[in-house]
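Since every read-out is calculated from the coordinates, none of them should be taken as a lab result. Computed from a predicted structure; not experimentally measured. Note that we place each Cβ from the backbone using ideal geometry, even for glycine, and neighbour counts take in every protein chain shown.
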Amino acid sequence: MEIGIVGKPNVGKSTFFESSTLAGVEIANYPFTTIKANRGMGYLRCPDPGPDLGVVSQPKNSIVIGETRFVPVEMLDVAGLVPDAHSGKGLGNQFLDDLRQAHALIHIIDVSGSTDSEGNPIDKGMHDPLEDVKFLEKEIDYWFHNIIMKDWTKVSRTSESTGSNIEKMLAEKLSGLGITVPHIAEAIHHMNLDDHPTRWSDDQMMELATTLRRVSKPIILAANKADKADDEQIKRFISEVKNYKVVPICAEAELALRRADKGGLIQYIPGDPEFKIHNEEGLSPPQEKALNRIKKALNRFGSSNVQKVLETAAYELLELIVVFPVEDEHKYTDKDGRILPDAHLIRKGSTAKDLAYKVHTDLGDHFIRAIDCRTQRVIGADHELKHGDVIKIHANA
């Protein structure tokens, strides 16, 4: 699963990306700082099963801090998008190409209204952030629409004359966007389109593009620079946005906290509402001033909310859950004796057999049964897994 970080230039996309991953990316106060897409791993919090099971976890593909497991998820920070990107303006072609395989989008918005539509700095409140929501929708919709309409007359006529499934034919055209037959079937059913695709109107084709964008690339709005915005600005933006979850965030504060923790100035666990200063007397006046400013922001919003946005995208938009496969159902270890080493992200509704395939194709192909290690109960191939399950898979050699 890959989560795309999107938005116009200079709203804090790269700051959000680095604060989520601590990857080294160029950050500056001018448009198009990000030229090529940055890839990295963000981390999702979930309870570590070790304490419940009376063992100390030895993670291999994740991190444990206290009783919290941090599970990696792929992230993509793409070039800033400007209006008319679908026609090639700015870095539009590259942006849209980079975005193809993202399964969900975090749209970073300057809720303080201090960047114009091109990403240039302006006075606070001089730009309406609602316009940024509309323009991103428009760009992706037109992008989808342009691809759908290429050879559409031929495709629709062929579907009718040969009885070919239009959902499958459209899925082939849109496969590079990560759009599947179920996505298209859901969109067509939702719109109640005519059984004859040659009769679909221009307006319906545009609506189809919009509907496919909604079902295939769900979006959460990260209202960044919230600490620079008035409460009224934030409240008005949230009230005006329709069909989206909005989370006010302070990406700059989160990045500063992670760097300060890495540098040994403070103790900070990502997503926490507070941090602990190791040696207040050792702080320089600028450091003390910056940390006090960050503390006010955390008190105001509960946390920087960077983790909250990432986890909402993963757990709610993508409906992911975390499961822990092991080889020994009694000691909770892998073949090397490591305790609870692996944490896998899978879709809600996934079965024990789906997990087997996630771990290794051979396990899926030769699946016999699985064991719920918490209850020691035998479960079958179709058993639906829950968030936090610890599972042993039995397969033929």
Item checked: Whole-number D in µm² s⁻¹ for region 266-396, Kirkwood Cα-pair radius fed into Stokes-Einstein, 10 °C, 1.306 mPa s -> 90
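Can you count the Lys pairs in region 321-395 whose Cα atoms are under 16 Å apart, with each pair 8 or more apart or on different chains? Don't jump to the answer; show the numbers that get you there.
Working: Lys331/Lys392; Lys335/Lys392; Lys348/Lys358; Lys348/Lys386; Lys353/Lys386; Lys353/Lys392; Lys358/Lys386; Lys358/Lys392.
Taking the Cα cut-off of 16 Å, the pair count is 8.
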Note to self: Let me see the P(r) profile for region 193-273: every Cα-Cα distance counted, bins of 10 Å, each bin given as a percent of all pairs.
What the structure shows: 14, 26, 24, 18, 10, 6, 1
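Relative to the Cα centre, what is the charge dipole magnitude of region 233-364, using +1 at the beta carbon of each Lys and Arg, -1 at the beta carbon of each Asp and Glu, and rounding to the nearest 20 debye? Provide the component values of the computation, followed by the final result.
Working: 21 positive and 20 negative charges, 159 e Å.
The calculation lands at about 760 debye.
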Next item on the list: Can you spot the aspartates and glutamates whose alpha carbon is less than 12 Å from Lys228's alpha carbon? Ignore those fewer than 8 places along the same chain.
Entry: Asp110, Asp123, Glu252
Note to self: With just the Cα atoms defining each centre, how far is region 133-175 from region 272-292? Give it in Å.
What the structure shows: 54
Checklist line | Beta bridges per DSSP with both ends in the chain, % antiparallel, nearest 5 | finding: 60
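Find out how many positive minus negative residues lie around Arg39, taking Lys and Arg as positive, Asp and Glu as negative, among other residues whose Cβ is under 9 Å from that of Arg39.
-3
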Margin query: How large is the convex hull of the C-alpha atoms of region 150-211 per residue, in Å³?
Written below: 78
Next item on the list: For region 144-159, take each phi angle, set θ = phi - 60°, evaluate the Karplus expression 6.51 cos²θ - 1.76 cosθ + 1.60, and give the result in whole Hz per residue in order, putting x for glycine and proline.
Entry: 4, 4, 4, 5, 4, 6, 5, 6, 4, 4, 5, 4, 5, 5, 4, 4
Next item on the list: Based on the mean of other Cβ atoms within 10 Å per residue, sort peptides 70-78, 147-155 so the most packed one is first.
Entry: 70-78, 147-155
Check: Considering only DSSP states other than H, G, I, E and B, which chymotrypsin sites (Phe, Trp or Tyr not before Pro) in region 265-313 qualify as loop sites with at most 12 other Cβ atoms within 10 Å?
Finding: none
Notebook entry, point to check: Considering every Cα-Cα pair within region 141-257, what fraction, in whole percent, is farther apart than 19 Å?
Noted result: 56
Notebook entry, point to check: From largest to smallest, what semi-axes in whole angstrom does the chain give when each is the square root of 5 times an eigenvalue of its alpha carbon gyration tensor?
Noted result: 36, 35, 15
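How big is the antiparallel share of DSSP beta bridges in region 321-395, given as a percent to the nearest 5?
Numbers: 14 of 17 bridges.
Approximately 80 percent, going by the DSSP bridge assignments.
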Checklist line | the chain: most fluctuating residue of Ala251, Ala381, Ala223 per GNM, C-alpha cutoff 10 Å | finding: Ala381
Check: Beyond 18 Å, what percent of the Cα pairs of region 344-397 remain?
Finding: 20
